[in-house]
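Participant: Following this message is one structure expressed as structure tokens.
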Amino acid sequence: MPKKIVKADYISVIQNHFANKGKRLANVTKMTLSQLKETITRYEIEFNEEEILKKNKEADKKNKEEKEKQRVEDEETEKEWQEEVDRKNIEWIELNEEDKDKVITFLTIRENKDYLDNYWQIQKKNKSITEGIKKIEEKCELDGSLFERVAKDIINVRGVNIQLGCHTEPFDWDKTYNEIKGYLDEDCYCEPLKILEEINKN
């Protein structure tokens, strides 16, 4: 907190003075310090240095308290988050291989369900991409332009790759299962015990 009056204090006093009268003085922020002081004198603006310093001190104190409060809250949130992460990882590590397989299978089925739920939208999107690539190929053939199909959704025309979206491949059970297993072994993102409890209810 400044221990003396600074330029921002003069600007604030002047702006507040005119705002209270429903007016506005142009270019206040562009004035030099001497011009600000002259403006205060010219318009007989009340300027209580002691009161301003007192308000600045109170504002600085409040700001420090709020920052400290936020710091404590952030530390507590981080601590709680880390405890949650550690708990999930410990739960996963302590599961036997059979129960791990149940959890991974459950999550793989859920991924497959998401794919099936969006199957027709996926097919429509893939068809649109394929047709778009085909139209570009036909145009290139007519123009005599060099082109090469790089992938299902990418075509290279005269050295420039053109991608018309992202082609979605059919659901691969083994790939998805192994990916989920890798994620969980590295950092368990799910609630393994709750999932097992849900599985065992059925």
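Participant: State the number of residues belonging to the range 52-70 that are within 28 Å of the chain's Cα centre (by Cα) and closer than 24 Å to residue 14 by Cα.
Facilitator: Number of matching residues: 1.
Participant: Could you list, in sequence order, all residues of the range 9-35 that are in a loop (DSSP other than H, G, I, E, B) and not polar (S, T, N, Q)?
Facilitator: Of everything in the range 9-35, those that are in a loop (DSSP other than H, G, I, E, B) and not polar (S, T, N, Q) turn out to be 21, 22, 23, 24, 25, 26, 31.
Participant: Out of the range 88-103, which residues are within 25 Å of the chain's Cα centre (by Cα) and open to solvent by 70 Å² or more (accessible area, probe 1.4 Å)?
Facilitator: none
Participant: Could you list, in sequence order, all residues of the range 104-158 that are open to solvent by 80 Å² or more (accessible area, probe 1.4 Å), within 21 Å of residue 179 (Cα to Cα) and acidic (Asp, Glu)?
Facilitator: Of everything in the range 104-158, those that are open to solvent by 80 Å² or more (accessible area, probe 1.4 Å), within 21 Å of residue 179 (Cα to Cα) and acidic (Asp, Glu) turn out to be 111, 117.
Participant: Just to verify a result, which residue in the range 24-34, among those that are of a type outside the set (Ser, Thr, Tyr) and touching a helix residue (DSSP H, G or I) at 6+ places or on another chain (Cβ under 9 Å), is surrounded by the fewest Cβ atoms within 10 Å (Cβ to Cβ)?
Facilitator: Applying the filter and picking the extreme gives 24.
Participant: Another question, then. Every residue in the range 49-87 that is exposed (fewer than 11 other Cβ atoms within 10 Å of the Cβ) and of a type in the set (S, T, N, Q), please.
Facilitator: 70, 77, 82 - these are the residues of the range 49-87 that are exposed (fewer than 11 other Cβ atoms within 10 Å of the Cβ) and of a type in the set (S, T, N, Q).
Participant: Going by the conditions given, is residue 19 over 38 Å from the mean Cα position of the chain (by Cα), surrounded by 10 or more Cβ atoms within 10 Å (Cβ to Cβ) and without any contact (Cβ under 8 Å) to a residue 12 or more places away in the chain?
Facilitator: In short, yes.
Participant: Within 23 Å of the chain's Cα centre (by Cα), of a type in the set (D, E, K, R) and open to solvent by 80 Å² or more (accessible area, probe 1.4 Å): is that true of residue 46 in this structure?
Facilitator: Criteria not met by residue 46.
The values are calculated or read from the model by the stated rules, or taken from the named source; none is laboratory data. All figures in this text were calculated on a predicted structure; none of them were measured in a lab. Glycine also receives a Cβ, built like all others from the backbone with ideal geometry; neighbour counts cover every protein chain displayed. Protein only, heavy atoms only, side chains kept; ligands, DNA and RNA dropped before computing areas. Shrake-Rupley method; radii C 1.70, N 1.55, O 1.52, S 1.80 Å.
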